[in-house]
1. Applying the selection to segment 159-187, what residues are farther than 16 Å from Ile71 by Cα, open to solvent by 60 Å² or more (accessible area, probe 1.4 Å) and touching a residue at least 40 places away in the same chain (Cβ under 8 Å)?
2. Which of the residues belonging to segment 101-133 are surrounded by fewer than 16 Cβ atoms within 10 Å (Cβ to Cβ), modelled with pLDDT of 75 or more and assigned to a helix (DSSP H, G or I)?
3. Give just the number: which of (1) assigned to a strand (DSSP E or B); (2) more than 30 Å from Val230 (Cα to Cα); (3) of a type outside the set (Val, Ile, Thr) does Glu168 not satisfy?
4. Give me the pairs: first residue in segment 34-48 and more than 17 Å from Lys195 (Cβ to Cβ), second residue open to solvent by 10 Å² or more (accessible area, probe 1.4 Å) and β-branched (Val, Ile, Thr), beta-carbon distance under 8 Å, and six or more apart or on different chains, which are they?
5. Can you name the residue in segment 4-29 that is over 18 Å from Ala217 (Cα atoms) and surrounded by 13 or more Cβ atoms within 10 Å (Cβ to Cβ) and, of all such residues, is modelled with the lowest pLDDT?
6. Ala222 fails exactly one of the following numbered conditions: (1) modelled with pLDDT under 95; (2) buried (at least 20 other Cβ atoms within 10 Å of the Cβ); (3) small (Gly, Ala, Ser). What is the number of that condition?
7. Which ones in segment 37-54 are outside any loop (DSSP other than H, G, I, E, B) and either touching a helix residue (DSSP H, G or I) at 6+ places or on another chain (Cβ under 7 Å) or surrounded by fewer than 20 Cβ atoms within 10 Å (Cβ to Cβ) (or both)?
8. Being on the phi < 0 side of the Ramachandran plot and buried (at least 20 other Cβ atoms within 10 Å of the Cβ) narrows it down to one of Ala253, Ala227, Ala264, so name that one.
Amino acid sequence: MNSLNAAPVPASIDALVQALQSVGYFADRRLATAVFLALKLQRPLLLEGEPGVGKTALAKALSEVLSRSLIRLQCYDGLEQREALYEWNYAAQLLHMRAAEGQGGADMAQVEREVYQDRYLIRRPLLQALQAPAPGAVLLIDEVDRADEPFEAFLLEYLGEYQVSIPEIGTVRATATPVTILTSNRTRDLHDAVKRRCLYHWLDYPERERELAIVRAQVPGASEALALQVADFVGRLRSQPFANAFQRAPGIAESVEWAKALVALDTLVVDPEVVSDTAGILFKQREDVAALTRDMAEQLLQPADADA
């Protein structure tokens with residue numbers, strides 16, 4: 001049941017598309033369908049795709065649309081369960097035990113039970129999401145492919161049943177089902193057991209019209225002509241055969257930042273010199289910046305019918 005401050009789940013896929021657009025996120029219908037079903041079926045949604053295509057941004061947009069708090073678990077190599085779920089406030093527990101010993105005649109079995117009370121529990125993202133009040137939180141498990149396989153196994157109970165087991169307390173079940181988004185840049189394959197517990201969507205680079213809409217929305221200072229040049233140039237940069245020259249094509253975030261930079265430079269027309277001067281915004285690898293030569297920029301800036 002939704003609280004007074006929470007927004008209801010959009011009633012249709014079209015309504016969800018419009019709601020996401022109202023907070024600046026432009027989803028195509030396939031993505032919106034996956035999100036809609038995840039909300040309706042109360043299933044985790046696994047988003048895979050290249051870096052910068054809008055996976056993390058979707059979770060942020062959903063938290064705005066649904067007026068729910070966003071809880072983020074950033075994954076990395078060596079992430080431990082205690083950093084994702086909970087740990088005990090050992091300093092406070094120790095003070096409690098010393099105070100009990102100082103009183104004399106304390107029942108140490110009782111003292112031991114007392115130090116595992118709720119007030120000594122430090123909640124990490126998974127537990128925060130499970131115990132968030134109705135209507136629940138949006139939990140983003142970001143870049144899960146960076147964590148190791150034992151951590152994937154640890155996630156299975158949460159993903160399958162929205163609950164976790166804490167030895168000193170027992171099973172903690174969700175107060176309200178969290179909207180759960182997992183993202184992966186596919187640096188490695190995730191285990192099938194994780195995938196089976198989630199709905200799945202591959203998020204690709206946006207088509208030209210959607211990227212143009214994103215640039216218009218995120219960079220209102222850009223003229224229509226400049227926004228078109230940005231969308232066309234970046235779209236062609238990602239296409240074959242140009243994409244083969246780079247380690248990583250620019251994502252949506254780079255498109256938006258580039259458009260902002262061009263506005264800041266009072267750019268009216270994108271030319272090879274401007275591209276060369278601002279290549280470090282589109283690319284974050286030295287080799288990629290070097291690969292974007294003036295000759296390539298000239299080719300990419302040619303009108304579409306010039307390719308024929």
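1. The answer is Glu168, Ile169, Arg173, Arg186, Thr187.
2. Asp118, Arg119
3. Of (1) assigned to a strand (DSSP E or B); (2) more than 30 Å from Val230 (Cα to Cα); (3) of a type outside the set (Val, Ile, Thr), only one is false for Glu168: (1).
4. Hits for this filter: Phe36/Ile13; Leu39/Val9; Leu39/Val179; Lys40/Val9; Gln42/Thr177.
5. Step one: filter segment 4-29 for residues over 18 Å from Ala217 (Cα atoms), giving 4-15, 29.
Among the residues that remain, those that are also surrounded by 13 or more Cβ atoms within 10 Å (Cβ to Cβ) are: 6-7, 9-10, 13, 15.
Working: Ala6: 71, Ala7: 81, Val9: 91, Pro10: 95, Ile13: 97, Ala15: 97.
Looking at the filtered set, the residue picked out is Ala6.
6. It is condition (1) that Ala222 fails.
7. Quick first cut of segment 37-54, residues outside any loop (DSSP other than H, G, I, E, B) only: 37-41, 45-48.
Listed by number, the residues that qualify are Leu37, Leu39, Lys40, Leu41, Leu45, Leu46, Leu47.
8. On the way: Ala253 fails: buried (at least 20 other Cβ atoms within 10 Å of the Cβ); Ala264 fails: buried (at least 20 other Cβ atoms within 10 Å of the Cβ).
Just one listed residue meets the conditions, Ala227.
The values are calculated or read from the model by the stated rules, or taken from the named source; none is laboratory data. These figures come from a predicted structure and were not determined experimentally. Please note: Cβ atoms are built from the backbone with ideal geometry, for glycine as well, and neighbour counts cover all protein chains shown. These area figures cover heavy atoms from the full protein model, side chains too; ligands, DNA and RNA do not enter into them. Shrake-Rupley method; radii C 1.70, N 1.55, O 1.52, S 1.80 Å.
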